[in-house]
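A quick write-up on the structure given underneath.
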Amino acid sequence: MPFSTPINYGQVAAGYDDSRCIEPAIAVALADGLRSLGARSVLEVGAGTGNYTSALSTNGRSVIALDCSPAMVEIGARKTFARWILSDASALPLRTRSIDAVAGVNVLHHLPTLRAALREFRRVARIGAVIQAVVRENIETLWYRHYFPEIDQVLLPLHPTLGSLITSMFHAGFKRVAVAKILYSGRGDLTFEAARSRPHLLFDSGFRASTSGFRRLESDCIARGLAELERDLESDAFARIAATFDAAHADAADSVVITAR
């Protein structure tokens with residue numbers, strides 16, 4: 001078995017903000033989506049420690065921030081002025097059509113029942129949803145897969161294809177869907193994809209521990225991949241290998257932001 005149990009955010013909450021902050025490209029796309037919907041009230045699902053919560057509350061919007069980790073909610077409530085709720089995204093404790101829009105960042109792959117959660121998003125939202133997600137096409141452009149092939153078994157089942165995600169949103173009751181592809185700036189926010197342009201990050205155990213992809217890999221898989229990566233970085237082999245993923249990455253980007261109504 002190449003992967004371990006799912007990440008326990010209660011164990012990583014205290015150090016989460018050491019590697020996580022707002023990615024400007026995501027924040028801009030979320031703001032554009034909410035503006036297009038005319039949303040004045042927002043439910044943020046999977047709000048974590050609230051890094052995007054304040055950004056969502058700009059322009060006079062009211063935000064309800066929801067997460068299922070008590071430790072994350074405790075930190076987020078100290079950082080922001082939003083109303084915080086401890087709950088699972090698949091059974092939202094809100095009345096039907098009680099907020100304008102649902103928003104979320106890097107949350108869909110943590111949901112055990114994606115379609116149930118999307119139906120809940122549609123139920124509580126009067127207008128629609130703006131969701132950032134890493135889809136399978138994004139994962140498939142990572143050069144990490146060359147050094148850690150077990151990542152496919154860990155991550156691909158958790159990340160739907162863009163087409164299947166859009167189909168799921170239609171099944172949930174959304175009628176129109178627009179997709180924006182997002183390329184990360186690489187500044188500040190050390191998400192899983194940050195090492196694409198900074199491969200030495202993968203040798204930092206703190207960075208690996210903060211990403212659900214590497215936390216799910218067994219230690220022997222990580223050690224074997226790091227040894228090969230280190231050898232290739234000392235020569236020009238790494239550049240050649242990474243280049244084989246570049247064209248696909250330019251087309252797929254790092255993630256998508258879906259605006260649905």
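To keep it simple, each residue is scored yes or no on (1) closer than 21 Å to ALA195 by Cβ; (2) modelled with pLDDT under 95; (3) surrounded by fewer than 15 Cβ atoms within 10 Å (Cβ to Cβ).
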residue: SER4; (1), (2), (3): yes, yes, yes
residue: ILE7; (1), (2), (3): yes, yes, no
residue: ALA13; (1), (2), (3): no, yes, no
residue: ALA39; (1), (2), (3): no, no, no
residue: VAL45; (1), (2), (3): no, no, no
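Mind listing whichever residues of the range 206-240 are among the polar types (S, T, N, Q) and within 20 Å of the chain's Cα centre (by Cα)?
Within the range 206-240, SER210, THR211, SER212 meet the criteria.
Give the residue, chosen from VAL102, VAL73, VAL107, that is under 16 Å from ILE127 (Cα atoms) and of a type in the set (Val, Ile, Thr).
Working: VAL73 fails: under 16 Å from ILE127 (Cα atoms); VAL107 fails: under 16 Å from ILE127 (Cα atoms).
Of VAL102, VAL73, VAL107, the one residue that is under 16 Å from ILE127 (Cα atoms) and of a type in the set (Val, Ile, Thr) is VAL102.
Given the criterion among the hydrophobic types (A, V, I, L, M, F, W, C) and touching a strand residue (DSSP E or B) at 6+ places or on another chain (Cβ under 8 Å), identify the matching residue among ALA253, ALA248.
After applying the criteria, what remains is ALA253.
Can you pull out every residue in the range 94-126 that is surrounded by fewer than 19 Cβ atoms within 10 Å (Cβ to Cβ), modelled with pLDDT of 95 or more and either among the aliphatic types (A, V, I, L, M) or assigned to a loop (DSSP other than H, G, I, E, B) (or both)?
LEU94, ARG95, THR96, ARG97, SER98
From the list PHE174, PHE192, PHE214, exactly one residue is touching a residue at least 12 places away in the same chain (Cβ under 8 Å), over 24 Å from PHE121 (Cβ atoms) and not basic (Lys, Arg). Which is it? Explain how you work it out, then say what you get.
Working: PHE174 fails: over 24 Å from PHE121 (Cβ atoms); PHE192 fails: over 24 Å from PHE121 (Cβ atoms).
Result: PHE214 is the single residue among PHE174, PHE192, PHE214 that is touching a residue at least 12 places away in the same chain (Cβ under 8 Å), over 24 Å from PHE121 (Cβ atoms) and not basic (Lys, Arg).
Take the range 55-72 and flag every residue that is open to solvent by 20 Å² or more (accessible area, probe 1.4 Å) and part of a helix (DSSP H, G or I).
Once the filter is applied, which keeps residues that are open to solvent by 20 Å² or more (accessible area, probe 1.4 Å) and part of a helix (DSSP H, G or I), the range 55-72 yields ALA55, THR58, ASN59, GLY60, PRO70, ALA71.
For the range 118-149, which positions are touching a Gly at 6+ places or on another chain (Cβ under 9 Å) and farther than 20 Å from ALA248 by Cα?
LEU118, ARG119, PHE121, ARG122, ARG123, ILE127, GLY128, ALA129, VAL130, ILE131
I'd like the residue in the range 135-144 that is in contact with a Pro (Cβ under 9 Å, 6 or more places away or on another chain) and farther than 24 Å from ASP220 by Cα and, out of all such residues, is least open to solvent (accessible area, probe 1.4 Å).
For the range 135-144, the residue satisfying everything is VAL135.
Considering only the range 108-138, how many residues are within 15 Å of GLU193 (Cα to Cα) and of a type in the set (Val, Ile, Thr)?
Of the residues in that region, 2 qualify.
For the range 81-94, does any single residue satisfy the condition of being free of Cβ contacts under 8 Å to residues at least 60 places away in the same chain, more than 17 Å from the chain's Cα centre (by Cα) and within 24 Å of ALA25 (Cβ to Cβ)?
yes
When the residues of the range 78-93 are narrowed to those that are in contact with a strand residue (DSSP E or B) (Cβ under 8 Å, 6 or more places away or on another chain) and of a type outside the set (Val, Ile, Thr), which ends up most open to solvent (accessible area, probe 1.4 Å)?
Going through the qualifying residues, I end up with ARG83.
The values are calculated or read from the model by the stated rules, or taken from the named source; none is laboratory data. It should be emphasised that the depicted structure is a prediction, and the values quoted were computed from it without experimental measurement. Here Cβ is always computed from backbone atoms with ideal geometry, including for glycine, and neighbour counts include all displayed protein chains. Please note that ligands, DNA and RNA were not included when accessible areas were found on the heavy atoms of the full protein model with its side chains. Shrake-Rupley method; radii C 1.70, N 1.55, O 1.52, S 1.80 Å.
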